[in-house]
1. Name the residue from Phe138, Ala47, Gly71 whose Cα lies farthest towards the positive end of the charge dipole of the chain, charges +1 on Cβ of Lys and Arg and -1 on Cβ of Asp and Glu.
2. In debye, nearest 20: dipole of the chain around its Cα centre with unit charges on the Cβ of K, R (+) and D, E (-)?
3. Taking only protein heavy atoms and a 1.4 Å probe, what accessible area per residue, in Å², does the chain have with all protein chains in place?
4. Tell me, what % of the accessible area of the range 64-170 is carbon and sulfur with a 1.4 angstrom probe?
5. On the first, second and third principal axes, largest extent first, how far apart are the outermost C-alpha atoms of the range 97-182 in Å?
6. Restricting things to alpha carbons, tell me how big the range 1-84 is in terms of Rg and Dmax, in Å.
7. State the Cα centre-to-centre distance between the range 44-110 and the range 113-177 in whole Å.
8. For Ala31, what residues show an amide H to amide H distance below 5 Å, using hydrogens built from the backbone and excluding near sequence neighbours?
Amino acid sequence: MAEISLSFDNGPNPEATPRVLDSLARRGILATFFLVCRNLDDPAARAAAEATHAAGHWIGNHTMTHDVPLGIDPDPEAPQREIAAAQEKLGRLAHPERFFRPFAKGELGPRLLSQAAVDHLCRGGYTCVLWTHVPGDFEDHDGWPERAMAQIAEAEAAGRGHQLIVLHDAVPPAMRHLDAFL
């Protein structure tokens, strides 16, 4: 059986994140949550982030706005605005390793990070966390568990080791299937 890590992107969401935390707690599973930090301006979302941290999950930076992939954002100030400002907003909630996940809709490639973003991440001592599977729960709220299991089985059959799955705690309809998936 493959070793699998779970991560959740785009939250916190006041509706979905608490349900995700409950599902994980029932099974004793810890995950990493990559927050879109503008969400922390909502007190209910901030409370969900605080609960995530209190439960022992790791929290990383998933940009301030999640609007434009840093590899195609022409603004030279984008890394400061999207990475540094988000890290500051995370404050004590952030994992000490300064985890950062770029925004790319699951697609690896040149649109992921600009040279300015890479330089900023290196200077700031960030750990860039990518993924092996993005089963598309944000698009197919009901079909993602089957797709995720197929991706896991395919990787395992190919002899690939540790796998990292990206789910989205900002999509309440998709997260209603989390218990069955786990």
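The values are calculated or read from the model by the stated rules, or taken from the named source; none is laboratory data. Not measured: the values here are computed from a predicted model. No Cβ is skipped: glycine too gets one built from the backbone with ideal geometry, and neighbour counts run over all protein chains shown. In case anyone asks, the SASA skips ligands and DNA or RNA and just uses the protein heavy atoms, side chains included. Shrake-Rupley method; radii C 1.70, N 1.55, O 1.52, S 1.80 Å.
1. Ala47
2. Here the chain has a charge dipole of around 440 debye.
3. Details: 8720 Å² over 182 residues.
I get 48 Å² per residue for the chain.
4. Working: 2940 of 5470 Å².
C and S atoms contribute 54 percent here.
5. Extents along the principal axes: 41, 33, 24 Å.
6. When restricted to Cα atoms, the range 1-84 yields Rg and Dmax of 14.3, 45 Å.
7. 15 Å
8. Amide H neighbours of Ala31, under 5 Å, 5+ apart: Trp58.
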